[in-house]
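Only one structure is covered here, and it is reproduced in the block below.
Read-outs: derived from the displayed coordinates by stated rules, not from any lab. All of these numbers come straight from a predicted model, not from anything done at the bench. Counting neighbours? That spans all protein chains shown, and the Cβs are built from the backbone with ideal geometry, glycine included.
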Amino acid sequence: MVRATLGVMVIGALASAVAAGAGKARVETTDARVLTGALVAVTDAQVVVKTDKGRQALPAAQVAEILLAEPRDLLAATGRAVLVTAAGDRLSVTGVSFDGEAGRLRFACALFGRGEIAMELAKVLYLPAATVSARDLEKLYRRTRLPKTSGDCLLVRRPGKEPLAVDGVLEGIEAGKILFQWKGKKQTIARENVMMIRLAAVAAELPARKGVLVGADGSMLQFTSLAMSGDTVTVDSPSVGKQSVSAANVAAIRLASADVVRLTELEPSSVKEYGYFGTVFEHRVDKAVSGKPLRLGGRTYRSGLGVHSFCELTYELGGRFKTFVATVGIDDEVRPNGDATITFLADGKPLGKPVRLTGKEAAKAIRLNVAGAKTFVLRVGFGADGLGFADHVDIVAARLLKK
């Protein structure tokens, strides 16, 4: 028997909490509680925030995110060179160089200054032109449809033609040129003609991360330890070691916990989707059904599902979790249109009554008791209008808690 509890509360006003005043932080706990106030300190053990109710200390394991400013999408920024590492970092970089003999990739990063990583930890280096983004380059690379290769690969610009993907071995990055071995011969390519460098995958053992530091420019740095005091944040990074970051350069601190699993980390065991007149909007992960960022109440969410009526997703939980929390609503893009219902079931039994969502209402917070549940179903149906028009439902910050 699964005992169901459903708490629904309006949270639209919380989306703009960070903008309420200088120095304000929005601290969201793993169970979807929100505190706003001045961030006093952050350590691996606790987060201290001064709210209007006084100073409060939260165990770090119970904090999901500390939001200081609205994070940007680095991969969508035009003209920004971006380094993606095997550890999961995304760094806006300049002055990149690579010495093949030393095996080190060196660069400058606006987030923390000068840095370097072992070449086996480098995954992709995007080098877009002024009007192009890293995401644009990734799409171009996929369009080349190269067979899988175990070596390095360059995406080379060709005036008036599709870019050319070249397999080989990267030997160096210098001012104005790329040194590359292709078909056993050393080649020198003008740096301005190289759009992307994808490095060969190398197995590397990395320590478990404790979270990710998000820069104001959209850079993301994974960390195994973090401490914030005053105007400085000190992190231990699996890829770039210990770094000091100005608090002014930080947009968010996202903490990881072994007791929390994001719903988007699970693959649904069953998917049922249909719409009117044969038009089906497939659900999307970490995007709205339109393909754009998830936005509720003026806030962009990095994690969640974009779904459309009718959609039913089934997940196998295996009795591992106790609580499910999420925020649900009609995406900002289609408001004030949209009228849908969302229903949750555990082992075939409804968890409370269906929740109606309309584009004229604020988003709602959901908290469900799923203790012992083997299966969990999320069902988005047509609203009172009986139509599927603009039913762009966002299910964001969706987490399953083990404790």
Work through the residues other than Q222 whose Cβ is under 11 Å from its Cβ and net out their charges, Lys, Arg +1 and Asp, Glu -1. +2
Which whole-Hz couplings ³J(HN,Hα) result when phi for each residue of the range 232-238 is put into the Karplus expression 6.51 cos²θ - 1.76 cosθ + 1.60, θ = phi - 60°, listed in order with x for Gly and Pro? 10, 10, 10, 10, 9, 10, x
Where the convex hull is taken over the Cα atoms of the range 224-369, what is its projected area averaged over directions, in nm²? 11.7
Cα lying deepest toward the dipole's positive end in the chain, options L345, A134, F382, charges on Cβ: L345
Enter the Cα centre distance for the pair the range 324-350 and the range 30-99, rounded to the nearest angstrom. 27
Between the range 130-196 and the range 202-237, the Cα center-to-center distance that results, in Å: 29
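How do the peptides 67-78, 52-63 rank, highest first, by the average count of neighbouring beta carbon atoms within 10 Å per residue?
Going by the mean number of other Cβ atoms within 10 Å, highest first, we get 67-78, 52-63.
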Local net charge near K364, Cβ-Cβ under 12 Å (Lys/Arg +1, Asp/Glu -1): 0
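So what's the back-of-envelope 222 nm ellipticity for the chain, counting only DSSP H runs of four-plus at -39500 (n - 2.57) apiece and dividing by all residues, rounded to 500?
After summing the helix terms and dividing by the residues of the chain, the value is -1000 deg cm²/dmol.
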Cut-off 9 Å between beta-carbons: net charge of the residues surrounding L154, Lys and Arg +1, Asp and Glu -1: -1
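Let's see if you can work this out: charge +1 on each Lys and Arg Cβ, -1 on each Asp and Glu Cβ, no other charges. What is the dipole magnitude of the range 156-283 about its Cα centre, in debye to the nearest 20?
Working: 15 positive and 14 negative charges, 124 e Å.
It works out to roughly 600 debye.
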Quick one: 3J(HN,Hα) in Hz for the range 62-70, Karplus 6.51/-1.76/1.60 with θ = phi - 60°, rounded, Gly and Pro as x. 9, 9, 8, 7, 10, 9, 9, 7, 6
Would you mind checking which residues have amide H under 5 Å from V334's amide H? H placed 1.01 Å from N; only 5 or more apart, or other chain. none
Fewest to most neighbouring Cβ within 10 Å: what's the order for R191, R335? R191, R335
